[in-house]
Amino acid sequence: MNNKTYKNEISESIHNIASALHKVGAINKAQMQHYNNACLKPIKPLSSDEIRAIRENASLTQAAFAIHLNVSKNHISAWERGIRKPSGTALKLLNIVKNKGIDAISY
């Protein structure tokens, strides 16, 4: 398997075919999203304590962590206080950093 987490091997095969079709324009973005939802495991939400621990394990300030995630420092602060929840790309990046470390998303 590659970087994505699939529900099973059949889902991986279906998703790879759909991705190839999307790449050549045979299926649109909405259809590809359908395949993403059907084939990929959902991303686990993170608690405010988990987000803080991820940042602290990376030895980063909220401002520096925000730069890596391409969000504002206020977002990091709100996530860590439990006022807001990360979603979409930010949640994916947080899970990558949790599992592989900050170097996995550093540029």
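Every read-out reported here was derived from the displayed coordinates using simple, explicitly stated rules and does not represent laboratory data. The model shown is predicted, which means the values in this text are computed figures rather than measured ones. All Cβ positions, glycine included, derive from the backbone under ideal geometry; neighbour counts span all protein chains shown.
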Fill in: Helix 48-57 vs. the chain, principal-axis angle (Cα, 0 to 90°, nearest 10)
80 degrees
Discussion item. Give me the tail of P(r) for region 47-93 as a percent: Cα-Cα pairs with distance above 15 Å.
Written reply: 32 percent
Worksheet item: What is the sum of charges around L40, taking Lys and Arg as +1, Asp and Glu as -1, for the other residues whose C-beta is under 15 Å from the C-beta of L40?
Response: +3
Discussion item. Let's see if you can work this out: charge +1 on each Lys and Arg Cβ, -1 on each Asp and Glu Cβ, no other charges. What is the dipole magnitude of the chain about its Cα centre, in debye to the nearest 20?
Written reply: 240 debye
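Over the Cα atoms of the chain, compute the convex hull volume and normalise it per residue, giving Å³.
Values: hull volume 12.5 nm³, N = 107.
In the chain, the Cα hull volume divided by residue count equals 117 Å³.
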Discussion item. For Cα pairs less than 8 Å apart in space and 6+ apart in sequence, what is the mean separation divided by the residue count of the chain, i.e. the relative contact order in percent?
Written reply: 22 percent
Fill in: Spacing of the two label points (7 Å from each Cα toward its C-beta) at R84 and A38, in nm
3.4 nm
Worksheet entry | Under 5 Å, built H, 5+ apart or other chain: amide partners of Y6 | K41
Worksheet item: Using alpha carbons only, how many degrees (0 to 90, rounded to 10) separate the axis of helix 29-39 from the longest principal axis of the chain?
Response: 80 degrees
